[in-house]
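The values are calculated or read from the model by the stated rules, or taken from the named source; none is laboratory data. This one's a predicted model, so the numbers in the text were calculated from it and none came from an experiment. With ideal geometry, Cβ positions are generated from the backbone for all residues, glycine too; neighbour counts draw on all protein chains shown. Remember, those area values only see protein heavy atoms, side chains included, never the ligands or the DNA or RNA. Shrake-Rupley method; radii C 1.70, N 1.55, O 1.52, S 1.80 Å.
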Amino acid sequence: MKDPLLSVGEAQKRLLEYFSPLEREIVDLEWSTGRTLAEDIVSHLDLPPFANSSMDGFAVRFADVAEASSSHPVVLQVVADIPAGQVVNRKLQPHQAARIMTGAVLPPGADAVVPVEDTDFSQRTPGVPPPQQVKIFNPIGPRGNVRPQGQDVHFGEVVMQSGSLLRPADVGFLAMLGIHQVPVYRPPKIAIFSTGDELVPVDQPLMPGQIYDSNTFMLISLVERYGGKAVRLGIVPDRAEVIQRTLDRAVDEKVDLILSSAGVSVGAFDFVRSVVEDQGKLDFWRVNMRPGKPLAFGQYKNIPFIGLPGNPVSSFVGFLVFVRPAILRMAGRKDWKPQTQTVRLVEPIDSDGRESYLRAIVSRENDELVARLTGHQGSGNLRSLVEANALLLIPSGVKSLPIGAETQAWLL
Ligand code: AMP
Ligand code: MG
């Protein structure tokens, strides 16, 4: 009996049922980039933690300088000098000011900061003592140039959600909150091997009829790019005992997923199939997509196994569509769906009715995003993928799109 043809969405759904978030662990903040938060983060601080100046200038009582102008400057007595990091408790009385630096705590009584540019004392050189008096040339409103306590974050507020990716700004923000150890999910460990008698390791000479094993490197790179840890198992010949030894190495390494490339067309994969089925199960899925229609999915000794197609572009697309969501799910991410953009075609496109992922260049022209293909779409032509910055999504059932049609693009 022929297997049913699965839609991409159906295949993704079936596959994701086998994956769930891995255990949690604590990492030092400095190594947390790219990891996924495993808990909501509640702030134990107000941010800013205290009202402070956003300028170098003079802390004042705004009412004192309401009438200031360049022809009639207001003269204030300077009673304190407040660098960042110091607290001055002396309360400003009417007609008093304190010199203050950016980030320094406002003294009691002050409610605004006049920038040095609006005074007769524009010296900012460190070590230069403040003047005894300062002339103010411009008025300032209440809270002018003051960053109020709690303006950005309140104590007790949930500021980051479990399941979100930690980016550099998030890491900085966690530090701002005084958090130096971060609860994250363990990154998935993923074994990678290639099959095919024509394949040669990249550091060996190429003999007639041979090609370099590029998929291993591309898949390692993809795994690392999406937050997994790759375990490289190399090139595996079509010999049952070697295949079995390779799979058992993956088991010893306690990987969370085994990934192979090539030979997924039924028949060619018989060795892998027989070894995997001996200790688990393996199904061939016919997915209604282009490139990368056949996909092998199963388990070896209870470890999920995904067999991607051999053609490099098919392997790449198969990874993005199926392996990426599995990695993100294991890594604890909630948002595994890719972000796409609407683009307008500047050339007609033929498709064959399968859900297609075509290599394209997306650029901005006259305030809209337009897309063109990067040459011939042979699934062995990795160069056309290198030249692309997006995959153009042509929905299933669509056989052609005219110039000017809109479609979705997955920016790479
Ligand atoms: P297969 O899936 O074994 O029929 O392979 C399909 C095509 O992909 C063939 O042209 C293979 O030579 C090529 N191919 C398979 N594995 C790799 C690999 N690891 N790196 C580069 N090309 C490969
Ligand atoms: Mg092959």
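Please list 3J(HN,Hα) in residue order for the range 189-198, calculated via the Karplus relation 6.51 cos²θ - 1.76 cosθ + 1.60 where θ = phi - 60°; whole Hz, with x for glycine and proline.
Result, ordered by residue: 9, 10, 7, 10, 9, 10, 10, x, 6, 7 Hz.
With +1 on the Cβ of every Lys and Arg and -1 on the Cβ of every Asp and Glu, and nothing else charged, how large is the dipole of the range 245-355 about its Cα centre, in debye rounded to the nearest 20?
So the magnitude is around 340 debye.
How large a share of the accessible area of the chain, in percent, is made up of carbon and sulfur atoms when the probe is 1.4 Å and the other protein chains stay in place?
51 percent
Just going by the charge dipole of the chain, with Lys and Arg at +1 and Asp and Glu at -1 on Cβ, which of Ser71, Ile394, Phe271 is farthest out on the positive end?
Final value for the positive-end residue is Phe271.
Holding the Cα-Cα limit at 22 Å, pick out from Lys229/Lys254; Lys13/Lys293; Lys293/Lys334; Lys91/Lys135; Lys189/Lys334 the pairs that are longer than that. Each step should come with its number before you reach the end.
Values: Lys229/Lys254 12 Å; Lys13/Lys293 16 Å; Lys293/Lys334 27 Å; Lys91/Lys135 20 Å; Lys189/Lys334 19 Å.
Lys293/Lys334, as the Cα separations exceed 22 Å there.
Mind ordering 70-81, 241-252 by average Cβ neighbours within 10 Å, highest first?
Top of the packing list down: 241-252, 70-81.
Please report how far the C-alpha centroid of the range 180-222 lies from that of the range 226-274, rounded to the nearest whole angstrom.
11 Å
Measure nothing fancy, just the Cα-based angle from helix 215-225's long axis to the longest principal axis of the chain, in degrees from 0 to 90, nearest 10.
30 degrees
Treating the angle as unsigned and between 0 and 90°, give the value, to the nearest 10°, between the Cα long axis of helix 240-252 and the longest Cα principal axis of the chain.
Orientation of helix 240-252: about 20 degrees from the principal axis.
In the range 1-158, what % of DSSP beta bridges are antiparallel (nearest 5)?
75 percent
Among rounded, prolate and oblate, which fits the chain when a ≥ b ≥ c are the square roots of the eigenvalues of its C-alpha gyration tensor, a/c under 1.5 means rounded, and a/b larger than b/c means prolate?
Prolate, since a/c reaches 1.5 and a/b exceeds b/c.
Please list, ordered by chain and number, the residues whose modelled amide H lies under 5 Å from the amide H of Leu6; skip anything fewer than 5 residues away on the same chain.
Here the answer is Arg286, Val287, Asn288, since their amide H atoms fall under 5 Å of that of Leu6.
Counting only heavy atoms of the protein chains, get the accessible area per residue of the range 301-412 (1.4 Å probe) and round it to a whole Å² value. Intermediate values should be presented prior to the final figure.
Working: 4940 Å² over 112 residues.
On a per-residue basis, the range 301-412 sits at 44 Å².
Just how large is the dipole of the range 291-412 about the Cα centre, in debye to the nearest 20, putting +1 at every Lys and Arg Cβ and -1 at every Asp and Glu Cβ?
Its charge dipole is roughly 640 debye.
What ratio of Cα Rg to 2.2 N^0.38 Å holds for the range 243-328? Intermediate values should be presented prior to the final figure.
Details: Rg = 12.2 Å, N = 86, 2.2 N^0.38 = 12.0 Å.
Computed over Cα atoms of the range 243-328, the ratio equals 1.02.
Summing +1 for each Lys or Arg and -1 for each Asp or Glu, what net charge is found among the other residues whose Cβ lies under 14 Å from the Cβ of Leu412?
Values: positive: Arg225, Arg324, Arg359; negative: Glu387.
Around Leu412, the charge tally is +2.
Please compute the net charge surrounding Ala110, taking Lys and Arg as +1 and Asp and Glu as -1 over other residues with Cβ under 14 Å from its Cβ. Show your work: numbers first, answer last.
Numbers: positive: Arg61, Arg90, Lys91, Arg99, Arg143, Arg147; negative: Asp64, Asp81, Asp111.
The answer is +3.
As an exercise, use a Förster radius of 60 Å and the Cβ-Cβ distance of Val42 and Arg239 to find the FRET efficiency, rounded to the nearest 0.05.
The value I calculate is 0.60.
About the Cα centre of the chain, how large is the charge dipole given +1 on each Lys and Arg Cβ and -1 on each Asp and Glu Cβ? Please answer in debye to the nearest 20.
Rounded to the nearest 20 debye, it is 380 debye.
Using only the Cα atoms of the range 309-351, build the gyration tensor, take square roots of its eigenvalues as a ≥ b ≥ c, and label the shape rounded, prolate or oblate: rounded if a/c is under 1.5, else prolate if a/b is larger than b/c, else oblate.
Here the range 309-351 falls in the oblate category.
In the chain, with Lys and Arg counted as +1 and Asp and Glu as -1 at Cβ, which of these residues, Ser122, Val202, Val255, has the Cα nearest the positive end of the dipole, that is, farthest along it?
In the chain, that residue is Val255.
Quick check: from the Cα gyration tensor, does the range 198-290 come out rounded (a/c under 1.5), prolate or oblate?
Taking the square roots of the gyration eigenvalues as a ≥ b ≥ c, the range 198-290 is rounded.
Against the globular-protein guess of 2.2 N^0.38 Å, express the Cα radius of gyration of the range 13-119 as a ratio, rounded to two decimals. Show your work: numbers first, answer last.
Working: Rg = 23.8 Å, N = 107, 2.2 N^0.38 = 13.0 Å.
Here the Cα radius of gyration is 1.83 times the empirical estimate.
Using helices alone, what [θ] at 222 nm do you get for the chain, with -39,500 (n - 2.57) per DSSP H run of 4 or more residues, divided over all residues and rounded to the nearest 500?
When only DSSP H runs of four or more count, the value is -4500 deg cm²/dmol.
By accessible area of protein heavy atoms, probe 1.4 Å, what ranking do Thr195, Thr125 get, highest first?
In descending accessible area the options line up as Thr125, Thr195.
Evaluate the relative contact order of the chain (contact order divided by residue number), counting alpha-carbon pairs under 8 angstrom at least 6 apart; express in whole percent.
Here the relative contact order equals 17 percent.
Send over the Kirkwood Rh of the range 9-64, from the inverse of the averaged 1/r over different Cα pairs, rounded to one decimal Å.
17.3 Å
Using alpha carbons only, how many angstrom separate the centre of the range 309-348 from the centre of the range 89-134?
Centre-to-centre (Cα) distance: 56 Å.
With a 1.4 Å probe and every protein chain left in place, work out the accessible area per residue of the range 41-86 in Å², rounded to a whole number.
Spelled out: the 1.4 Å probe surface of the range 41-86, per residue, equals 46 Å².
Which net charge results when you count Lys and Arg as +1 and Asp and Glu as -1 among the other residues whose beta-carbon is under 13 Å from that of Phe62?
Charge balance in the 13 Å sphere: -2.
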